[in-house]
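The values are calculated or read from the model by the stated rules, or taken from the named source; none is laboratory data. Keep in mind that this is a model prediction, so the values were computed, not measured. Every residue, glycine as well, gets a Cβ built from its backbone with ideal geometry; the counts of neighbours run over all protein chains shown.
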Amino acid sequence: MKKLLLLASLLLPLANASAAAKGVLHIVLVGGQSNAVGQDSSKSLPSSLRKPQEDIPFYYAVVPHKGGAMHEPVYTTLRPGASHVEDGVGPEISFGKEVASYYDGKVSNDRVAIIKFARGGTNLYSQWKAGGDATTEGDGSVYRNFQKVIGQGLEALKNDPALKEYEHRIEAMLWVQGEADLSHDRAKDYAANLEAFINDVRLTYGKDLRFYFSRISSSQTIYTDSKDPKLVANYELIRKQQAEVSESVKGATMVDIDGRKFSMLEQAHYRPYLLHFDAKGTMAIGEAFAKAYLKDVEARKWSNPAPQP
């Protein structure tokens, strides 16, 4: 199924934004697997992160934890809930707060918007596989769903009367994924698959899109303390490949999430091992993404043209 015509219809009005636009709407995409979805409730967080952030448009869709059909997408403002966990939080919550605060202080008319689709337990080599061009032909099933949700989200932003006077720019993507690939022989292909995915995302949403991805963490003891030497070897291999992609792919930045502030969630079915981040750790990931993104904004490392398919 072709997606080129759909994207052209969505992005063409953005490319023709008037020079008299009220400001820029910086659109950020979020994808990945379980730690992108969010595995913990917001109950332990301060009220500033639990309540809706009314200045940040947010479009997302959730897939039930045990599988099944994707829920009806939601267009709202940034808040907990884009998870199968009640009031669950993903890294977009703190990312959005930090970035919105920056634009409020530096460029008062600019805003950030977030579109998210992630699914737990999904791998890059098959489910997020990139077909290699600006169509969905050859793309994995989860990647196709991601593109469907992103297209719907762009349409919702375009049709929002409150955003009509803004120039819309698809500017960046946040990616939290890798665990589902290290249990397979395909671990050795992770760097090539990630580079192909980044290239495909850029063919679809704009050649200047910045791509930020988190590294599998040393705090995930389900891998570091595993009794399976192959699993440990694959964990180390993917971490190495993630660092290589950050060095070799222009505009792709790895965010390191090792350390105590990236705290983990204790879950009975994984105990004594740790796999998922708790709410505070997830917020630390979002803040780390925001720091990397805003560093690039400050350095003006991208030209911010209107996005082209």
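Take the conditions of a type outside the set (Lys, Arg) and in contact with a Lys or Arg (Cβ under 8 Å, 6 or more places away or on another chain) and apply them to residue 209. Does it pass? Yes; evaluated as a whole, the condition is true for this residue.
For every residue, the table says whether it meets (1) touching a His at 6+ places or on another chain (Cβ under 9 Å); (2) under 15 Å from residue 35 (Cα atoms); (3) modelled with pLDDT of 95 or more.
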{"position": "227", "(1), (2), (3)": "no, no, no"}
{"position": "235", "(1), (2), (3)": "no, no, yes"}
{"position": "239", "(1), (2), (3)": "no, no, yes"}
{"position": "249", "(1), (2), (3)": "no, no, yes"}
{"position": "262", "(1), (2), (3)": "no, yes, yes"}
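For residue 208, are the conditions met, namely being touching a Pro at 6+ places or on another chain (Cβ under 8 Å) and under 25 Å from residue 112 (Cβ atoms)?
So residue 208 passes the test.
The numbered conditions (1) in contact (Cβ under 8 Å) with a residue 40 or more places away in the chain; (2) surrounded by fewer than 20 Cβ atoms within 10 Å (Cβ to Cβ) are all true for residue 150 except (2).
With respect to the stated conditions, residue 298 fails to be touching a strand residue (DSSP E or B) at 6+ places or on another chain (Cβ under 9 Å) and without any contact (Cβ under 8 Å) to a residue 12 or more places away in the chain. Scan the stretch 211-224 and tell me whether some residue there is surrounded by fewer than 22 Cβ atoms within 10 Å (Cβ to Cβ), in a loop (DSSP other than H, G, I, E, B), on the phi < 0 side of the Ramachandran plot and of a type in the set (Gly, Ala, Ser). Yes; the residues of the stretch 211-224 include at least one that is surrounded by fewer than 22 Cβ atoms within 10 Å (Cβ to Cβ), in a loop (DSSP other than H, G, I, E, B), on the phi < 0 side of the Ramachandran plot and of a type in the set (Gly, Ala, Ser). Can you name the residue in the stretch 86-119 that is farther than 18 Å from residue 49 by Cα, at pLDDT 95 or above and assigned to a loop (DSSP other than H, G, I, E, B) and is also farthest from the chain's Cα centre (by Cα) among such residues? Only one residue tops the list, namely 119. If I filter the stretch 156-172 for residues that are touching a helix residue (DSSP H, G or I) at 6+ places or on another chain (Cβ under 9 Å), closer than 13 Å to residue 28 by Cα and part of a helix (DSSP H, G or I), do I get at least one hit? So far as the stretch 156-172 goes, yes, one or more of its residues are touching a helix residue (DSSP H, G or I) at 6+ places or on another chain (Cβ under 9 Å), closer than 13 Å to residue 28 by Cα and part of a helix (DSSP H, G or I).
Scanning the stretch 132-148 for residues that are among the aliphatic types (A, V, I, L, M) and under 12 Å from residue 122 (Cα atoms) returns a single hit, 142.
Return yes or no: is residue 136 touching a residue at least 60 places away in the same chain (Cβ under 8 Å) and either among the charged types (D, E, K, R) or surrounded by 24 or more Cβ atoms within 10 Å (Cβ to Cβ) (or both)? Spelling it out, it is not the case that residue 136 is touching a residue at least 60 places away in the same chain (Cβ under 8 Å) and either among the charged types (D, E, K, R) or surrounded by 24 or more Cβ atoms within 10 Å (Cβ to Cβ) (or both).
Residues in the stretch 1-43 that are in contact with a Lys or Arg (Cβ under 7 Å, 6 or more places away or on another chain), at pLDDT 95 or above and not β-branched (Val, Ile, Thr): 25, 26, 33, 42. Residues that are in a strand (DSSP E or B) and more than 14 Å from residue 117 (Cα to Cα) within the stretch 41-77 comprise 41, 53, 54, 55, 56, 57, 76, 77, listed in sequence order.
A quick yes/no check of all residues on (1) within 17 Å of the chain's Cα centre (by Cα); (2) closer than 23 Å to residue 173 by Cα:
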| residue | (1), (2) |
| --- | --- |
| 222 | no, no |
| 234 | no, no |
| 250 | no, yes |
| 255 | yes, yes |
| 265 | no, no |
| 299 | no, yes |
